[in-house]
Amino acid sequence: MKKQIPIGQSDFKEVREGNFCYVDKTLLAEDVINSSGKVLLFPRPRRFGKTLNLSMLRYFFERTEEDTGHLFKDTLVSHTDVFQHHQGKYPVIWLTFKDIKVQSWEQCRGKMTELISDTVIRLVPREETDNEKFIPLHRIRQRKADMYEYENALKYLSEYLSSEYGENAVILIDEYDTPVHAAWENGYYGEIISFMRNFLGGGLKDNSHLFKGVITGILRIAKESVFSDLNNLRVYSILDRQFAASFGFTEEEVKTLLDYCGIPDHYETVSRWYNGYLFGGRVIYNPWSVLNYTDTRPEIPEPYWVNTGGTGMIDRLATQGGRELREEIGLLLEGHAICKPVYESIVIRDLEKRDDLLWSFLLFSGYLKAERQIDYEKWELKIPNREVHVMYREMVKRWFSVKTESARIENMLSALKQGDAETFEFYLADTVERVLSVHDTGGPEPEKFYHAFVLGLLVWLEGEYDIRSNRESGLGRYDVMLLPRDRSRYGIVMEFKKVNERKKETPEQTLEKAVRQMEEKKYATELQAAGVNKILKLAIAFQGRELWVRQG
(Lines give C-alpha, C1' and ligand atoms only; values in the text may rest on other atoms or scores of the structure.)
Protein backbone atom coordinates (compact mmCIF):
# COMPACT_ATOMS: atom_id res chain seq x y z
CA MET A 1 0.00 0.00 0.00
CA LYS A 2 1.29 3.44 -0.95
CA LYS A 3 2.15 5.58 2.04
CA GLN A 4 0.41 8.91 2.58
CA ILE A 5 2.10 12.28 2.56
CA PRO A 6 2.31 13.57 6.17
CA ILE A 7 0.82 17.07 6.07
CA GLY A 8 1.06 18.65 9.52
CA GLN A 9 2.02 15.45 11.35
CA SER A 10 4.83 16.38 13.71
CA ASP A 11 4.73 13.38 16.09
CA PHE A 12 7.39 10.85 15.09
CA LYS A 13 5.48 7.90 16.52
CA GLU A 14 2.33 8.86 14.61
CA VAL A 15 4.27 9.14 11.37
CA ARG A 16 6.11 5.85 11.82
CA GLU A 17 3.16 3.78 13.04
CA GLY A 18 0.74 5.37 10.59
CA ASN A 19 0.77 4.86 6.85
CA PHE A 20 2.98 7.90 6.18
CA CYS A 21 6.14 8.59 4.19
CA TYR A 22 9.12 9.57 6.32
CA VAL A 23 12.19 11.34 5.00
CA ASP A 24 14.82 9.80 7.25
CA LYS A 25 16.51 12.35 9.52
CA THR A 26 17.32 9.90 12.33
CA LEU A 27 21.08 10.37 12.03
CA LEU A 28 20.47 13.66 13.80
CA ALA A 29 20.41 11.60 17.03
CA GLU A 30 23.91 10.26 16.37
CA ASP A 31 25.20 13.73 15.47
CA VAL A 32 23.71 15.25 18.63
CA ILE A 33 25.40 12.63 20.80
CA ASN A 34 28.74 13.05 19.03
CA SER A 35 28.62 16.84 19.13
CA SER A 36 31.10 18.52 21.43
CA GLY A 37 28.30 20.73 22.72
CA LYS A 38 26.31 19.65 25.72
CA VAL A 39 23.53 22.05 24.74
CA LEU A 40 22.74 22.53 21.04
CA LEU A 41 20.66 25.29 19.48
CA PHE A 42 19.24 24.84 15.97
CA PRO A 43 17.79 28.06 14.52
CA ARG A 44 15.81 27.21 11.37
CA PRO A 45 12.91 28.81 9.46
CA ARG A 46 9.39 27.78 10.44
CA ARG A 47 8.02 24.51 9.08
CA PHE A 48 11.44 23.11 8.22
CA GLY A 49 10.94 19.98 10.35
CA LYS A 50 12.11 21.23 13.75
CA THR A 51 9.19 19.81 15.74
CA LEU A 52 9.25 16.43 13.99
CA ASN A 53 13.00 16.16 14.54
CA LEU A 54 12.69 16.99 18.21
CA SER A 55 9.88 14.44 18.50
CA MET A 56 12.17 11.88 16.88
CA LEU A 57 14.89 12.69 19.43
CA ARG A 58 12.36 12.30 22.21
CA TYR A 59 11.43 8.76 21.08
CA PHE A 60 15.07 7.94 20.48
CA PHE A 61 16.30 8.93 23.95
CA GLU A 62 13.26 8.45 26.16
CA ARG A 63 13.12 5.54 28.57
CA THR A 64 9.53 4.42 28.92
CA GLU A 65 7.60 1.31 29.85
CA GLU A 66 6.80 0.86 26.17
CA ASP A 67 9.70 -0.21 23.93
CA THR A 68 10.09 2.50 21.28
CA GLY A 69 12.89 0.79 19.38
CA HIS A 70 10.45 -0.50 16.75
CA LEU A 71 9.84 3.09 15.61
CA PHE A 72 13.39 3.11 14.25
CA LYS A 73 13.21 -0.13 12.30
CA ASP A 74 15.14 0.16 9.02
CA THR A 75 16.09 3.78 9.71
CA LEU A 76 19.62 5.06 9.17
CA VAL A 77 20.37 5.42 12.87
CA SER A 78 19.29 1.84 13.62
CA HIS A 79 22.48 0.58 11.97
CA THR A 80 24.80 2.59 14.20
CA ASP A 81 26.53 1.83 17.50
CA VAL A 82 24.82 4.90 18.95
CA PHE A 83 21.47 3.16 18.57
CA GLN A 84 22.63 0.16 20.56
CA HIS A 85 24.07 2.23 23.40
CA HIS A 86 21.66 5.14 23.71
CA GLN A 87 18.20 4.37 22.37
CA GLY A 88 15.59 4.31 25.14
CA LYS A 89 18.09 4.90 27.95
CA TYR A 90 17.34 8.39 29.33
CA PRO A 91 14.64 10.37 31.09
CA VAL A 92 13.48 13.14 28.76
CA ILE A 93 12.03 16.57 29.56
CA TRP A 94 10.12 17.76 26.51
CA LEU A 95 8.62 21.25 26.21
CA THR A 96 7.24 23.21 23.26
CA PHE A 97 6.55 26.93 23.38
CA LYS A 98 5.01 27.09 19.90
CA ASP A 99 1.54 28.01 21.21
CA ILE A 100 2.64 30.72 23.63
CA LYS A 101 1.92 33.81 21.55
CA VAL A 102 -0.37 36.10 23.51
CA GLN A 103 -0.90 39.83 23.93
CA SER A 104 0.14 40.48 27.53
CA TRP A 105 2.73 39.36 30.05
CA GLU A 106 -0.02 38.22 32.42
CA GLN A 107 -1.39 35.86 29.75
CA CYS A 108 2.10 34.71 28.82
CA ARG A 109 3.07 34.03 32.43
CA GLY A 110 -0.14 32.06 32.92
CA LYS A 111 0.52 29.89 29.88
CA MET A 112 4.16 29.39 30.82
CA THR A 113 3.39 28.29 34.37
CA GLU A 114 0.58 26.04 33.11
CA LEU A 115 2.93 24.36 30.64
CA ILE A 116 5.59 23.82 33.29
CA SER A 117 3.03 22.46 35.77
CA ASP A 118 1.65 20.04 33.17
CA THR A 119 5.19 18.84 32.43
CA VAL A 120 5.81 18.12 36.12
CA ILE A 121 2.49 16.28 36.39
CA ARG A 122 3.41 14.16 33.34
CA LEU A 123 6.89 13.25 34.57
CA VAL A 124 6.64 13.06 38.35
CA PRO A 125 4.15 10.87 40.28
CA ARG A 126 2.13 12.78 42.88
CA GLU A 127 3.57 10.83 45.80
CA GLU A 128 7.13 11.71 44.81
CA THR A 129 6.44 15.41 45.12
CA ASP A 130 5.49 14.88 48.77
CA ASN A 131 9.15 14.11 49.43
CA GLU A 132 10.62 17.08 51.28
CA LYS A 133 13.53 17.15 48.84
CA PHE A 134 11.15 17.90 45.97
CA ILE A 135 8.84 20.44 47.63
CA PRO A 136 9.30 22.93 44.73
CA LEU A 137 7.97 20.27 42.32
CA HIS A 138 4.98 19.77 44.59
CA ARG A 139 4.28 23.51 44.57
CA ILE A 140 4.65 23.64 40.78
CA ARG A 141 2.26 20.71 40.41
CA GLN A 142 -0.28 22.56 42.55
CA ARG A 143 0.36 25.76 40.57
CA LYS A 144 1.20 27.53 43.79
CA ALA A 145 4.89 28.09 43.13
CA ASP A 146 6.51 31.51 42.93
CA MET A 147 8.29 32.67 39.74
CA TYR A 148 11.70 31.70 41.10
CA GLU A 149 10.55 28.08 41.42
CA TYR A 150 9.04 28.06 37.93
CA GLU A 151 12.25 29.51 36.53
CA ASN A 152 14.21 26.66 38.13
CA ALA A 153 11.78 23.92 37.10
CA LEU A 154 14.19 22.34 34.58
CA LYS A 155 16.82 22.09 37.26
CA TYR A 156 14.41 20.49 39.77
CA LEU A 157 13.02 18.08 37.19
CA SER A 158 16.39 16.91 35.88
CA GLU A 159 17.62 16.33 39.43
CA TYR A 160 14.54 14.25 40.26
CA LEU A 161 14.66 12.23 37.01
CA SER A 162 18.38 11.57 37.35
CA SER A 163 17.92 10.15 40.85
CA GLU A 164 14.90 8.10 39.72
CA TYR A 165 16.38 6.56 36.56
CA GLY A 166 20.09 6.50 37.34
CA GLU A 167 20.82 8.41 34.12
CA ASN A 168 21.15 12.10 33.44
CA ALA A 169 18.26 13.79 31.68
CA VAL A 170 17.83 14.92 28.09
CA ILE A 171 16.10 18.31 27.78
CA LEU A 172 14.32 19.11 24.50
CA ILE A 173 12.80 22.57 24.00
CA ASP A 174 10.91 23.36 20.80
CA GLU A 175 10.26 26.87 19.40
CA TYR A 176 11.90 28.61 22.34
CA ASP A 177 11.65 32.03 20.68
CA THR A 178 7.93 32.03 19.84
CA PRO A 179 7.02 33.83 23.11
CA VAL A 180 9.91 36.24 22.54
CA HIS A 181 8.54 37.31 19.14
CA ALA A 182 5.06 37.71 20.62
CA ALA A 183 6.48 39.76 23.51
CA TRP A 184 8.32 42.09 21.16
CA GLU A 185 5.18 42.71 19.13
CA ASN A 186 2.99 43.23 22.21
CA GLY A 187 5.18 45.19 24.59
CA TYR A 188 6.39 42.79 27.28
CA TYR A 189 9.82 41.97 25.83
CA GLY A 190 11.76 42.72 29.02
CA GLU A 191 9.65 40.36 31.14
CA ILE A 192 9.90 37.38 28.79
CA ILE A 193 13.64 37.82 28.25
CA SER A 194 14.21 37.83 32.01
CA PHE A 195 12.11 34.71 32.47
CA MET A 196 13.68 32.78 29.57
CA ARG A 197 17.21 33.68 30.65
CA ASN A 198 16.61 32.30 34.14
CA PHE A 199 14.56 29.31 32.95
CA LEU A 200 17.08 28.12 30.35
CA GLY A 201 20.07 28.99 32.51
CA GLY A 202 18.65 27.08 35.48
CA GLY A 203 18.23 23.86 33.51
CA LEU A 204 21.07 23.98 31.00
CA LYS A 205 24.02 25.74 32.63
CA ASP A 206 26.39 23.71 34.78
CA ASN A 207 23.68 21.13 35.38
CA SER A 208 25.36 17.94 36.60
CA HIS A 209 22.10 16.07 35.94
CA LEU A 210 22.03 16.92 32.22
CA PHE A 211 23.13 14.52 29.45
CA LYS A 212 22.18 16.62 26.41
CA GLY A 213 20.02 19.65 25.73
CA VAL A 214 18.56 20.48 22.31
CA ILE A 215 16.75 23.74 21.56
CA THR A 216 15.03 24.82 18.35
CA GLY A 217 13.72 28.17 17.22
CA ILE A 218 13.73 30.52 14.25
CA LEU A 219 16.38 32.98 15.41
CA ARG A 220 19.40 32.88 17.63
CA ILE A 221 18.43 35.48 20.20
CA ALA A 222 21.59 37.32 21.19
CA LYS A 223 23.57 35.82 24.01
CA GLU A 224 23.36 38.90 26.18
CA SER A 225 19.57 38.71 26.23
CA VAL A 226 18.62 35.01 26.58
CA PHE A 227 21.72 32.82 26.57
CA SER A 228 24.06 34.94 28.69
CA ASP A 229 24.37 32.19 31.32
CA LEU A 230 24.97 29.32 28.88
CA ASN A 231 28.70 28.86 28.42
CA ASN A 232 28.17 25.28 27.18
CA LEU A 233 25.91 26.25 24.24
CA ARG A 234 26.78 25.31 20.65
CA VAL A 235 24.79 27.05 17.93
CA TYR A 236 24.36 25.46 14.49
CA SER A 237 22.73 28.01 12.20
CA ILE A 238 21.90 27.77 8.49
CA LEU A 239 25.40 29.12 7.78
CA ASP A 240 27.13 26.13 9.43
CA ARG A 241 28.14 22.99 7.55
CA GLN A 242 27.48 20.73 10.53
CA PHE A 243 23.83 19.62 10.67
CA ALA A 244 23.24 21.35 7.30
CA ALA A 245 21.06 18.52 5.97
CA SER A 246 19.28 17.75 9.26
CA PHE A 247 16.42 20.17 8.60
CA GLY A 248 14.69 20.58 5.24
CA PHE A 249 15.01 18.21 2.27
CA THR A 250 18.14 17.66 0.18
CA GLU A 251 17.97 17.30 -3.60
CA GLU A 252 18.43 13.53 -3.32
CA GLU A 253 15.60 13.26 -0.78
CA VAL A 254 13.24 15.27 -3.01
CA LYS A 255 14.03 13.16 -6.06
CA THR A 256 13.46 9.96 -4.07
CA LEU A 257 10.12 11.29 -2.78
CA LEU A 258 8.92 12.32 -6.24
CA ASP A 259 9.97 8.96 -7.68
CA TYR A 260 8.06 7.15 -4.93
CA CYS A 261 4.95 9.25 -5.65
CA GLY A 262 5.20 8.56 -9.37
CA ILE A 263 5.88 12.14 -10.44
CA PRO A 264 9.63 12.29 -11.19
CA ASP A 265 8.89 14.58 -14.15
CA HIS A 266 7.73 17.28 -11.70
CA TYR A 267 11.26 17.78 -10.36
CA GLU A 268 12.05 20.91 -12.39
CA THR A 269 8.84 22.61 -11.23
CA VAL A 270 9.43 21.66 -7.60
CA SER A 271 13.02 22.84 -7.87
CA ARG A 272 12.10 26.22 -9.35
CA TRP A 273 9.42 26.90 -6.73
CA TYR A 274 10.67 25.36 -3.50
CA ASN A 275 14.44 24.90 -3.43
CA GLY A 276 17.13 27.55 -3.49
CA TYR A 277 17.92 27.55 0.22
CA LEU A 278 21.57 27.09 1.08
CA PHE A 279 22.27 25.62 4.52
CA GLY A 280 25.99 25.33 5.14
CA GLY A 281 26.55 25.44 1.40
CA ARG A 282 24.10 22.59 0.67
CA VAL A 283 21.02 23.07 -1.49
CA ILE A 284 17.94 22.58 0.67
CA TYR A 285 14.25 22.43 -0.26
CA ASN A 286 11.37 23.74 1.81
CA PRO A 287 9.86 20.50 3.21
CA TRP A 288 6.41 21.94 3.94
CA SER A 289 5.94 23.12 0.38
CA VAL A 290 7.41 20.00 -1.22
CA LEU A 291 5.07 17.75 0.80
CA ASN A 292 2.02 19.88 0.03
CA TYR A 293 2.85 20.02 -3.67
CA THR A 294 3.44 16.25 -3.77
CA ASP A 295 0.13 15.68 -2.02
CA THR A 296 -2.04 18.04 -4.11
CA ARG A 297 -0.13 18.08 -7.43
CA PRO A 298 -1.69 21.32 -8.67
CA GLU A 299 -1.51 22.41 -12.30
CA ILE A 300 -0.07 25.73 -11.17
CA PRO A 301 2.29 25.56 -8.13
CA GLU A 302 1.19 27.43 -5.03
CA PRO A 303 3.13 29.33 -2.32
CA TYR A 304 2.23 26.87 0.46
CA TRP A 305 4.88 27.94 2.97
CA VAL A 306 4.45 31.67 2.48
CA ASN A 307 0.69 31.34 2.93
CA THR A 308 1.01 29.63 6.33
CA GLY A 309 2.74 32.48 8.12
CA GLY A 310 1.87 36.09 8.72
CA THR A 311 4.27 38.66 7.32
CA GLY A 312 3.15 41.43 9.65
CA MET A 313 6.53 41.69 11.36
CA ILE A 314 8.33 41.82 8.00
CA ASP A 315 5.93 44.47 6.66
CA ARG A 316 6.38 46.47 9.83
CA LEU A 317 10.17 46.43 9.60
CA ALA A 318 10.32 46.96 5.85
CA THR A 319 7.87 49.87 5.94
CA GLN A 320 10.25 51.73 8.25
CA GLY A 321 13.00 51.54 5.63
CA GLY A 322 13.62 54.38 3.24
CA ARG A 323 14.48 54.71 -0.42
CA GLU A 324 17.59 52.50 -0.21
CA LEU A 325 15.58 49.57 1.12
CA ARG A 326 13.01 49.93 -1.66
CA GLU A 327 15.77 49.98 -4.25
CA GLU A 328 17.23 46.81 -2.77
CA ILE A 329 13.86 45.04 -2.71
CA GLY A 330 13.58 46.01 -6.39
CA LEU A 331 16.98 44.45 -7.10
CA LEU A 332 15.99 41.26 -5.30
CA LEU A 333 12.76 41.04 -7.32
CA GLU A 334 14.83 41.31 -10.50
CA GLY A 335 16.83 38.26 -9.39
CA HIS A 336 19.96 40.17 -8.38
CA ALA A 337 21.98 39.65 -5.20
CA ILE A 338 22.59 42.35 -2.61
CA CYS A 339 25.65 42.44 -0.37
CA LYS A 340 24.86 42.86 3.32
CA PRO A 341 26.38 42.13 6.74
CA VAL A 342 24.81 39.10 8.42
CA TYR A 343 24.53 38.93 12.20
CA GLU A 344 23.86 35.47 13.58
CA SER A 345 22.82 36.84 16.98
CA ILE A 346 19.94 39.31 17.08
CA VAL A 347 18.58 41.42 19.89
CA ILE A 348 14.93 41.50 18.83
CA ARG A 349 14.19 44.95 20.16
CA ASP A 350 17.06 46.34 18.07
CA LEU A 351 15.25 45.40 14.87
CA GLU A 352 13.33 48.67 14.97
CA LYS A 353 16.45 50.71 15.73
CA ARG A 354 18.92 49.23 13.23
CA ASP A 355 17.98 48.96 9.56
CA ASP A 356 20.90 46.61 8.88
CA LEU A 357 19.39 43.86 11.05
CA LEU A 358 16.40 43.46 8.71
CA TRP A 359 18.47 41.44 6.25
CA SER A 360 19.68 39.00 8.92
CA PHE A 361 16.10 38.63 10.15
CA LEU A 362 14.89 37.87 6.60
CA LEU A 363 17.74 35.41 6.03
CA PHE A 364 17.25 33.34 9.17
CA SER A 365 13.47 33.46 8.82
CA GLY A 366 13.71 31.84 5.38
CA TYR A 367 12.96 34.83 3.14
CA LEU A 368 16.50 35.15 1.74
CA LYS A 369 19.38 32.80 1.06
CA ALA A 370 23.07 33.41 1.74
CA GLU A 371 24.59 32.66 -1.64
CA ARG A 372 28.24 33.61 -1.15
CA GLN A 373 30.37 34.92 1.70
CA ILE A 374 32.24 38.09 0.78
CA ASP A 375 34.26 38.63 3.94
CA TYR A 376 34.06 37.96 7.68
CA GLU A 377 30.50 39.27 8.06
CA LYS A 378 29.22 40.20 4.59
CA TRP A 379 27.25 37.85 2.35
CA GLU A 380 25.56 38.01 -1.03
CA LEU A 381 21.84 37.57 -0.36
CA LYS A 382 19.15 36.57 -2.88
CA ILE A 383 15.51 35.51 -2.96
CA PRO A 384 15.71 31.69 -2.74
CA ASN A 385 12.89 30.61 -5.03
CA ARG A 386 9.68 31.41 -6.85
CA GLU A 387 7.52 30.86 -3.77
CA VAL A 388 9.32 33.49 -1.69
CA HIS A 389 9.42 35.82 -4.70
CA VAL A 390 5.60 35.83 -4.47
CA MET A 391 5.84 37.09 -0.88
CA TYR A 392 8.01 40.06 -1.88
CA ARG A 393 5.73 40.82 -4.80
CA GLU A 394 2.69 40.89 -2.53
CA MET A 395 4.55 43.01 0.01
CA VAL A 396 5.32 45.61 -2.67
CA LYS A 397 1.66 45.61 -3.68
CA ARG A 398 0.66 46.29 -0.08
CA TRP A 399 3.12 49.18 0.13
CA PHE A 400 1.51 50.87 -2.86
CA SER A 401 -2.03 50.04 -1.78
CA VAL A 402 -1.48 51.90 1.50
CA LYS A 403 -0.59 55.10 -0.38
CA THR A 404 -2.88 54.96 -3.40
CA GLU A 405 -6.07 53.20 -4.46
CA SER A 406 -5.67 49.92 -6.32
CA ALA A 407 -8.03 51.23 -9.00
CA ARG A 408 -5.53 53.94 -9.95
CA ILE A 409 -2.74 51.42 -10.36
CA GLU A 410 -5.04 49.16 -12.37
CA ASN A 411 -5.96 52.07 -14.65
CA MET A 412 -2.30 52.95 -15.12
CA LEU A 413 -1.29 49.41 -16.02
CA SER A 414 -4.32 48.96 -18.26
CA ALA A 415 -3.24 52.04 -20.24
CA LEU A 416 0.28 50.65 -20.48
CA LYS A 417 -0.94 47.31 -21.83
CA GLN A 418 -3.07 49.10 -24.44
CA GLY A 419 -0.19 51.28 -25.59
CA ASP A 420 -1.83 54.49 -24.31
CA ALA A 421 1.23 56.52 -23.30
CA GLU A 422 -0.70 59.68 -22.44
CA THR A 423 -3.00 57.99 -19.91
CA PHE A 424 -0.07 55.99 -18.52
CA GLU A 425 1.81 59.26 -17.94
CA PHE A 426 -1.15 60.78 -16.08
CA TYR A 427 -1.53 57.89 -13.64
CA LEU A 428 2.21 57.35 -13.18
CA ALA A 429 2.72 61.03 -12.33
CA ASP A 430 -0.23 60.89 -9.94
CA THR A 431 1.18 57.79 -8.22
CA VAL A 432 4.60 59.40 -7.81
CA GLU A 433 2.96 62.47 -6.26
CA ARG A 434 1.01 60.33 -3.78
CA VAL A 435 3.66 57.78 -2.86
CA LEU A 436 7.07 59.42 -3.01
CA SER A 437 8.64 62.10 -0.88
CA VAL A 438 11.28 64.68 -1.77
CA HIS A 439 13.70 62.62 0.31
CA ASP A 440 13.01 59.56 -1.87
CA THR A 441 13.81 61.29 -5.15
CA GLY A 442 16.66 63.42 -3.88
CA GLY A 443 19.33 60.77 -3.53
CA PRO A 444 22.62 60.56 -5.41
CA GLU A 445 21.26 58.10 -8.01
CA PRO A 446 17.65 59.09 -8.75
CA GLU A 447 17.56 57.03 -11.98
CA LYS A 448 18.21 53.94 -9.91
CA PHE A 449 15.43 54.82 -7.51
CA TYR A 450 12.84 55.54 -10.23
CA HIS A 451 13.87 52.35 -11.95
CA ALA A 452 13.19 50.34 -8.78
CA PHE A 453 9.98 52.27 -8.12
CA VAL A 454 8.49 51.49 -11.55
CA LEU A 455 9.62 47.86 -11.29
CA GLY A 456 7.68 47.68 -8.04
CA LEU A 457 4.55 48.90 -9.80
CA LEU A 458 5.00 46.35 -12.57
CA VAL A 459 4.79 43.36 -10.21
CA TRP A 460 1.02 43.41 -10.89
CA LEU A 461 1.79 42.32 -14.48
CA GLU A 462 4.00 39.33 -13.72
CA GLY A 463 1.32 36.84 -14.75
CA GLU A 464 1.04 38.45 -18.20
CA TYR A 465 4.58 39.61 -18.89
CA ASP A 466 8.13 38.51 -18.38
CA ILE A 467 9.56 41.62 -16.70
CA ARG A 468 13.24 42.18 -17.44
CA SER A 469 15.65 44.82 -16.28
CA ASN A 470 19.13 46.06 -17.17
CA ARG A 471 19.77 43.48 -19.87
CA GLU A 472 21.57 43.77 -23.18
CA SER A 473 19.49 44.10 -26.33
CA GLY A 474 20.72 45.35 -29.67
CA LEU A 475 23.74 47.57 -29.08
CA GLY A 476 23.09 48.58 -25.50
CA ARG A 477 21.44 47.85 -22.17
CA TYR A 478 17.81 48.88 -21.66
CA ASP A 479 16.33 49.93 -18.32
CA VAL A 480 13.08 47.93 -18.30
CA MET A 481 11.45 45.56 -20.78
CA LEU A 482 8.07 43.82 -20.67
CA LEU A 483 7.95 40.75 -22.87
CA PRO A 484 4.29 39.66 -23.28
CA ARG A 485 3.50 35.99 -22.84
CA ASP A 486 0.84 36.54 -25.50
CA ARG A 487 3.04 37.68 -28.39
CA SER A 488 0.13 39.47 -30.08
CA ARG A 489 0.11 42.10 -27.32
CA TYR A 490 2.36 45.10 -26.89
CA GLY A 491 5.97 44.53 -25.95
CA ILE A 492 7.28 47.49 -23.94
CA VAL A 493 10.72 49.09 -23.51
CA MET A 494 11.38 51.89 -21.00
CA GLU A 495 14.32 54.26 -20.67
CA PHE A 496 14.69 56.56 -17.61
CA LYS A 497 16.52 59.89 -17.71
CA LYS A 498 16.99 62.60 -15.09
CA VAL A 499 16.59 66.17 -16.32
CA ASN A 500 20.05 67.73 -16.12
CA GLU A 501 19.33 70.98 -14.31
CA ARG A 502 22.99 71.92 -14.14
CA LYS A 503 23.12 72.09 -17.94
CA LYS A 504 19.72 73.85 -18.00
CA GLU A 505 18.22 70.92 -19.86
CA THR A 506 14.46 70.95 -20.43
CA PRO A 507 12.20 67.92 -19.93
CA GLU A 508 11.58 67.88 -23.70
CA GLN A 509 15.30 67.67 -24.38
CA THR A 510 15.70 64.86 -21.86
CA LEU A 511 12.83 62.91 -23.44
CA GLU A 512 14.31 63.41 -26.90
CA LYS A 513 17.66 62.12 -25.68
CA ALA A 514 16.02 58.98 -24.21
CA VAL A 515 14.03 58.31 -27.41
CA ARG A 516 17.16 58.71 -29.53
CA GLN A 517 19.08 56.31 -27.28
CA MET A 518 16.42 53.61 -27.61
CA GLU A 519 16.53 53.93 -31.41
CA GLU A 520 20.29 54.14 -31.81
CA LYS A 521 20.95 51.25 -29.41
CA LYS A 522 18.17 49.13 -30.99
CA TYR A 523 16.63 48.20 -27.63
CA ALA A 524 13.64 46.59 -29.38
CA THR A 525 15.82 43.85 -30.87
CA GLU A 526 15.07 41.34 -28.10
CA LEU A 527 11.31 41.84 -28.46
CA GLN A 528 11.46 41.49 -32.24
CA ALA A 529 13.53 38.31 -31.96
CA ALA A 530 10.86 36.88 -29.62
CA GLY A 531 8.16 37.43 -32.27
CA VAL A 532 6.58 40.58 -30.84
CA ASN A 533 5.36 42.90 -33.62
CA LYS A 534 3.62 45.61 -31.57
CA ILE A 535 6.30 47.49 -29.63
CA LEU A 536 5.80 50.45 -27.31
CA LYS A 537 8.93 52.50 -26.53
CA LEU A 538 8.56 54.85 -23.57
CA ALA A 539 10.99 57.56 -22.59
CA ILE A 540 10.50 58.68 -18.98
CA ALA A 541 12.11 61.93 -17.83
CA PHE A 542 11.95 63.12 -14.23
CA GLN A 543 12.94 66.05 -12.10
CA GLY A 544 12.35 65.54 -8.38
CA ARG A 545 8.75 64.33 -8.07
CA GLU A 546 7.75 65.58 -11.52
CA LEU A 547 7.89 63.27 -14.50
CA TRP A 548 7.07 63.21 -18.20
CA VAL A 549 6.51 60.34 -20.63
CA ARG A 550 6.94 60.29 -24.40
CA GLN A 551 6.25 57.49 -26.81
CA GLY A 552 9.22 56.79 -29.07
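The values are calculated or read from the model by the stated rules, or taken from the named source; none is laboratory data. Values in this document were obtained by computation on a predicted structure and should not be read as measured data. So basically every Cβ, Gly included, is an ideal-geometry build from the backbone, and we count neighbours across all protein chains shown. All accessible areas refer to the heavy atoms of the entire protein, side chains included, with ligands and DNA or RNA removed. Shrake-Rupley method; radii C 1.70, N 1.55, O 1.52, S 1.80 Å.
Counting only DSSP beta bridges whose two residues both lie in the chain, roughly 50 percent are antiparallel.
Here the stretch 412-552 has an Rg and Dmax of 14.4, 43 Å, counting Cα atoms alone.
Here the chain has an Rg and Dmax of 28.0, 91 Å, counting Cα atoms alone. Could you tell me how far the Cα centroid of the stretch 495-552 sits from the Cα centroid of the stretch 364-414, in Å? Going from one Cα centre to the other spans 27 Å. Ordered from largest to smallest accessible area (heavy atoms of protein chains, 1.4 Å probe), the residues I346, I135, I218, I300 come out as I300, I135, I218, I346.
Express in nm, to one decimal, how much length is gained between H336 and N198 on full extension, taking 0.36 nm for each residue of separation and deducting their alpha carbon distance. Could the numbers behind the result be given before it?
Numbers: separation 138, 0.36 × 138 = 49.68 nm, distance 4.34 nm.
Full extension from H336 to N198 adds 45.3 nm.
Of the cross-linked pairs K417/K537; K13/K101; K498/K521; K13/K89; K3/K25, those separated by over 21 Å at the C-alpha level are K13/K101. When the alpha carbon gyration tensor of the stretch 357-420 is reduced to an equivalent ellipsoid, its three semi-axes come out at 33, 13, 10 angstrom, largest first. Averaging 1/r across all pairs of distinct Cα atoms in the stretch 1-133 and inverting the result yields a Kirkwood radius of 17.1 Å. In this calculation the C-beta distance from D375 to D206 is compared with R0 = 30 Å, giving a FRET efficiency of 0.25.
For the stretch 38-89 and the stretch 112-172, what is the centre-to-centre distance using only Cα atoms, to the nearest Å? A separation of 23 Å, based on Cα centres.
Would you compute, from DSSP H runs of 4+ residues alone, the mean residue ellipticity of the chain at 222 nm, taking -39500 (n - 2.57) per run and dividing by the full residue count, rounded to the nearest 500?
On the way: 24 runs with 241 residues, N = 552.
Helix-only estimate at 222 nm: -13000 deg cm²/dmol.
Mean projected area of the convex hull spanned by the Cα atoms of the stretch 192-274, taken over all viewing directions: 8.1 nm².
The lysines within cross-link reach of K340, meaning a Cα-to-Cα straight distance under 18 Å and a gap of 8 or more places when in the same chain, are K353, K369, K378, K382. When each pair of different Cα atoms in the stretch 494-552 is counted once in the 1/r mean, what is the Kirkwood radius in angstroms, to one decimal? So the Kirkwood estimate lands at 12.0 Å.
Evaluate the charge dipole of the chain about its Cα centre and quote only its size in Debye, nearest 20, assuming +1 on the Cβ of each Lys and Arg and -1 on the Cβ of each Asp and Glu. Walk me through the numbers before you get to the answer.
Details: 76 positive and 85 negative charges, 176 e Å.
So the magnitude is around 840 debye.
Here the Karplus curve 6.51 cos²θ - 1.76 cosθ + 1.60, taken at θ = phi - 60°, turns the phi angles of the stretch 13-23 into couplings of 5, 4, 5, 6, 8, x, 8, 10, 5, 9, 7 Hz, with x standing for Gly and Pro.
So for the stretch 59-122, what percent of the C-alpha to C-alpha distances run longer than 17 Å? Taking all Cα-Cα pairs of the stretch 59-122, the fraction more than 17 Å apart is 56 percent. Ordering of 387-395, 250-258 by packing is 387-395, 250-258, highest average first (other Cβ atoms within 10 Å, averaged per residue).
Against the 2.2 N^0.38 Å scaling, with N counting residues, where does the stretch 117-251 land? I'd like the Cα-based Rg ratio to two decimal places. Walk me through the numbers before you get to the answer.
Numbers: Rg = 16.4 Å, N = 135, 2.2 N^0.38 = 14.2 Å.
Working it through for the stretch 117-251, the quotient is 1.16.
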